[in-house]
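All of the numbers you see were taken from the coordinates with simple rules; none came from a lab. Worth saying up front: this structure is predicted, and the values here are computed from it rather than measured. Cβ atoms come from the backbone with ideal geometry, glycine included; neighbour counts cover every protein chain shown.
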Amino acid sequence: MARLHPSMVAMCIAGVVLGSLSFLQCSAQPVAFDQNYLVTGGTDNNVKKLDGGKTVQLVLNQDSASGFASKSKYLFGHISMSIKLVPDDSAGTVTAFYMSSESPNHDELDFEFLGNSSGEPYILQTNVFASGIGNREQRIYLWFDPTADFHSYSVIWNPQQIIFKVDDVPIRVFKNNQASGLPYPSTQPMRIFSSLWNGDSWATRGGLQKLNWTHAPFIATYQGFSVDACQWSDSGSLESCATSNSGWWNNAAFQTLDSDSQSKLKWVQQNYMIYDYCTDTKRFTTTPTDCTLRS
Ligand SMILES: *[C@@H]1O[C@H](CO)[C@@H](O)[C@H](O)[C@H]1NC(C)=O
Ligand SMILES: *[C@@H]1O[C@H](CO)[C@@H](O)[C@H](O)[C@H]1NC(C)=O
């Protein structure tokens, strides 16, 4: 990710106020991993800090999987990570970037990258858990090789909606339908996590293709450890994080999708979506209510 000059950040906020640049990347200055994150899985050999901690590699080898988590919890915000996925033969590996409240009846927002053999496409699976209930998987192919360069994977999460984005393209929107009695992640602060692990029982071609340890170590590379979100401190955060002055992500421009974003989302759905729980009639004999409420 390119360094953003402080004036760029100001420009970004101005753009948001004007409402015309709603999906501009509003990234803060790059910070080192240790400022916001800590290692939660694997040894020092599994989480390698490079470039003064501005770049981090997660390593999966036969000794261990690997992972990290944010030190703080957040309620609403723009949570993003720049990731270059495991190159070449990544079959059987799963790279996860997600948020979770880790509570009973937990809320969770997931990006899961399912590896593949050399030259075959990754699948990006997303899911939303609200009040402990998930089962909302969607799967897409990406329109670029995610192992060749860093790309940003992010969510804009506010009291009205959750937008999953790949670079500046929205790939999924989950609306707050609490008015219709459906749960929505709006009261439980979440920590940010990432991990790289062996998921070969299910990840690649439905589990048919196993991980080949001859090709270890498997390495995913991360940048962009700043967090632009409302940090949870105590129960007072429940109210303060939901107000518009807690951050630009709560502004009117982000409470709905503008027409440009809608057409990008439609482009993804029409060209890259390979699975949507909303149309899986084998799995759900009645269409889930959050699907029928989608406009
Ligand atoms: C892996 O490649 C196969 C063959 O192109 C494809 O069917 C599958 O969707 C790809 N992705 C995963 C994660 O299995
Ligand atoms: C694993 O990779 C090695 C080296 O590329 C190859 O010789 C072997 O056939 C692979 N194993 C499987 C089960 O595909």
* Those aspartates and glutamates that a straight Cα-Cα span of less than 20 Å connects to residue 73, excepting residues fewer than 8 apart in one chain -> 34, 102, 107, 108, 110, 228, 234, 239
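Quick one: which of 178-187, 68-77, 91-100 comes out on top by average Cβ neighbours within 10 Å, and what's the full order, highest first? Don't jump to the answer; show the numbers that get you there.
Numbers: 178-187: 15.0, 68-77: 20.7, 91-100: 23.5.
Answer by packing, highest mean first, reads 91-100, 68-77, 178-187.
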* List the aspartates and glutamates whose Cα lies under 20 Å from the Cα of residue 210, skipping any in the same chain that are fewer than 8 positions away. => 63, 88, 89, 112, 120, 200
* Can you tell me the relative contact order of the chain? Whole percent, Cα pairs under 8 Å, sequence separation 6 or more. => 25
* **Amide H within-cut-off set for residue 226, under 5 Å, with H built and near neighbours excluded** => 31
* **Proximal charge balance of residue 132 [Cβ under 10 Å; K/R count +1, D/E count -1]** => -2
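What ranking do 48, 175 get, fewest neighbouring Cβ atoms within 10 angstrom at the top? Each step should come with its number before you reach the end.
On the way: 48 15, 175 18.
Ranking 48, 175 by Cβ neighbours within 10 Å, fewest first, gives 48, 175.
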* Dividing the convex hull volume of the Cα atoms of the chain by its residue count, what figure in Å³ per residue is obtained? -> 136
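How charged is the neighbourhood of residue 97? Take every other residue with its Cβ under 13 Å from the Cβ of residue 97, and add Lys/Arg as +1 and Asp/Glu as -1.
Working: positive: 84, 165, 191; negative: 108, 110, 112.
Taking every other residue near residue 97 into account, the sum is 0.
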* Summed residue charge, Cβ within 15 Å of residue 231's Cβ, Lys/Arg positive, Asp/Glu negative -> 0
* **Pairs from 48/175; 49/264; 48/264; 48/71; 49/175 whose Cα-Cα separation, in the structure shown, is over 28 Å** => 48/175; 49/264; 48/264; 49/175
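Highest mean first, what order results for 49-62, 122-135 on Cβ atoms within 10 Å? Mind showing how you got there, number by number?
Details: 49-62: 17.1, 122-135: 18.9.
So the order, starting with the most tightly packed, is 122-135, 49-62.
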